[in-house]
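The values are calculated or read from the model by the stated rules, or taken from the named source; none is laboratory data. The structure displayed is predicted, hence computed values, not measured ones. Cβ placement follows ideal geometry from the backbone for every residue including glycine, while neighbour counts extend to all protein chains displayed.
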Amino acid sequence: MRTQICIIGGGPSGLLLAKLLRNQGIDVRLLERKTRDYVLGRIRAGVLEVGFVELMRLAGVAERMDKEGFTHDGTSIALNNEVFHLDFVQHTGTPVVVYGQTELTRDLYDALEADGAPIDFEVDQVEIHDAKSDAPYVTFTDRDGVSQRIDCDYIAGCDGFHGVSRQAIPTSVRREYEKLYPFGWLGVLSETPPVHHELIYSGSDRGFALCSMRNANLSRYYIQCSLSDSPDDWSDEAFWQELKRRIPEQFADSIVTGPSIEKSIAPLRSFVCEPMQWGRLFLCGDAAHIVPPTGAKGLNTAASDIHYLYYALLQHYQDKDSAGLEAYSQKALARIWKAERFSWSTTMLLHRFPEMNEFDLKMQVADIHFLRDNEAAQKVFAQNYVGLPY
Ligand code: APR
Ligand code: PHB
């Protein structure tokens, strides 16, 4: 088989890139390890920067997002029983859109399959070959166990943190930067109306909590938890009781609780791989970087990678100019590191760390009060949250 771009990974990164390129008549082939239903079963992020929204519109898959997504002009930030509103539109002129990653992934799959995109599900033993040559290729076994080979011009490694693409960059070349956080997030999905019309990021003496949503009758809540916890350690009742103790009383008294339809624990990690390209292999999204979810950047950092790679490939094929491809890693990393910083700083701001002493706690309170009281601080937070320019 031969294609122009072989995309490894059928998550948001790979799907969005595939749709954008196919719209321009560029031939792609997408390899996904799991089934479509398995991918769609993953409960992930929900806040989209305007850059992601615009890419979805450019890809022609934004109809449902535009109809069902919530536009949020700001967010609430709480510390124990105090809460203040931070207005994104007032400080930046830009809102964010709340629309589940599961839904946008479904929209992308529907659109790609409607126009007959070649997607191989349930592939195995994917290997990248000759990425540093002018004739790279990918081998794999298809769902029937038959060995296959795809010769291509370029390879997009969109296969997430546990994929094979990053490993194709020699360890002598690859630099990996990582910070592991000493806690996780216990997340619950419930078919209940959201407790508030916007998100609530809440720091408390008992630990962090987040109130989010997917639609008018589907809420997403998180509480900071121990890494030794498992979801089975937390009954629904115990979860709701702890969540109520970590958010301001006005919300704790009004929250509608209900049975969890999904309950999971995610560890928190900051991670960046440099470089994000190796010859004709380009890493995008979680394959290259991970952020703690506090700053809602996971999906949105994947979007800026796809933006840069899409336009670089377009420039190559349409203008015979490879400058964008040569600069991809440098350009993508410049924005990634800023998103890493924001995600790290919001995590430090709102979580209770085991090693914190009384002074550290006072610094955290002073930080949150400064954000509450200072226009410039709020403007900086809002600029980062809605998304720095591409
Ligand atoms: N071969 C083919 N596919 C693979 C392989 C492989 N060897 N390894 C992993 N995959 C697939 C996974 O099954 C997954 O569907 O690659 C896809 C990677 O998708 P994500 O992990 O969602 O990463 P990405 O598309 O970059 O999206 C980033 O997803 O994990 C969240 O928080 C993250 O919101 C962010 C977004
Ligand atoms: C979510 O809705 O899942 C969500 C929202 C904001 C975050 C993290 C997760 O910062």
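Data table
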quantity: Any chance ILE150 is of a type in the set (Val, Ile, Thr), in contact with a helix residue (DSSP H, G or I) (Cβ under 8 Å, 6 or more places away or on another chain) and more than 22 Å from SER343 (Cβ to Cβ); calculated: no
quantity: Qualifying residue in region 351-358 (condition: in contact (Cβ under 8 Å) with a residue 24 or more places away in the chain, within 24 Å of ILE5 (Cα to Cα) and away from ligand 1 (no atom under 16 Å from the Cβ)); calculated: no
quantity: Residue, nearest to ILE368 (Cα to Cα), within region 199-211, restricted to residues that are assigned to a loop (DSSP other than H, G, I, E, B) and within 11 Å of ligand 2 (Cβ to nearest atom); calculated: PHE208
quantity: Test: residue in region 52-66 that is of a type outside the set (Phe, Trp, Tyr), within 16 Å of ligand 2 (Cβ to nearest atom) and in contact (Cβ under 8 Å) with a residue 12 or more places away in the chain; calculated: yes
quantity: Residues of region 103-118 satisfying the condition of being surrounded by fewer than 19 Cβ atoms within 10 Å (Cβ to Cβ) and assigned to a helix (DSSP H, G or I); calculated: GLU103, ARG106, ASP110, GLU113, ALA114
quantity: Residue that is hydroxyl-bearing (Ser, Thr, Tyr), more than 25 Å from SER202 (Cβ to Cβ) and surrounded by fewer than 21 Cβ atoms within 10 Å (Cβ to Cβ), where the choices are TYR308, TYR317; calculated: TYR317
quantity: Meets criteria (at negative phi, out of contact with any Leu (no Cβ under 6 Å at 6 or more places or on another chain) and within 14 Å of ligand 1 (Cβ to nearest atom)) for SER343; calculated: yes
quantity: Residue among SER219, SER212, SER235, SER260 that is among the polar types (S, T, N, Q), over 28 Å from THR71 (Cβ atoms) and either in contact with a helix residue (DSSP H, G or I) (Cβ under 7 Å, 6 or more places away or on another chain) or modelled with pLDDT of 95 or more (or both); calculated: SER235
quantity: Selected residue (only one of SER228, SER219, SER212, SER235 is touching a Gly at 6+ places or on another chain (Cβ under 7 Å) and of a type in the set (Ser, Thr, Tyr)); calculated: SER212
quantity: Filtered residues of region 220-277 (kept if under 30 Å from LEU325 (Cβ atoms), within 16 Å of ligand 1 (Cβ to nearest atom) and assigned to a strand (DSSP E or B)); calculated: ARG269, SER270, PHE271, VAL272, CYS273, GLN277
quantity: Matching residues in region 119-136 - criterion: being assigned to a strand (DSSP E or B) and either surrounded by fewer than 11 Cβ atoms within 10 Å (Cβ to Cβ) or without any contact (Cβ under 8 Å) to a residue 24 or more places away in the chain (or both); calculated: GLN125, HIS129
quantity: Number of the condition not met by PRO293 [criteria: (1) away from ligand 1 (no atom under 14 Å from the Cβ); (2) within 22 Å of GLU54 (Cα to Cα); (3) touching a Leu at 6+ places or on another chain (Cβ under 8 Å)]; calculated: (1)
quantity: Total residues in region 150-183, condition away from ligand 1 (no atom under 14 Å from the Cβ) and touching a residue at least 12 places away in the same chain (Cβ under 8 Å); calculated: 17
quantity: Test: residue in region 102-109 that is farther than 21 Å from PHE121 by Cβ and not polar (S, T, N, Q); calculated: no
quantity: Matching residues, region 137-149, being aliphatic (A, V, I, L, M) and in contact (Cβ under 8 Å) with a residue 24 or more places away in the chain; calculated: VAL138
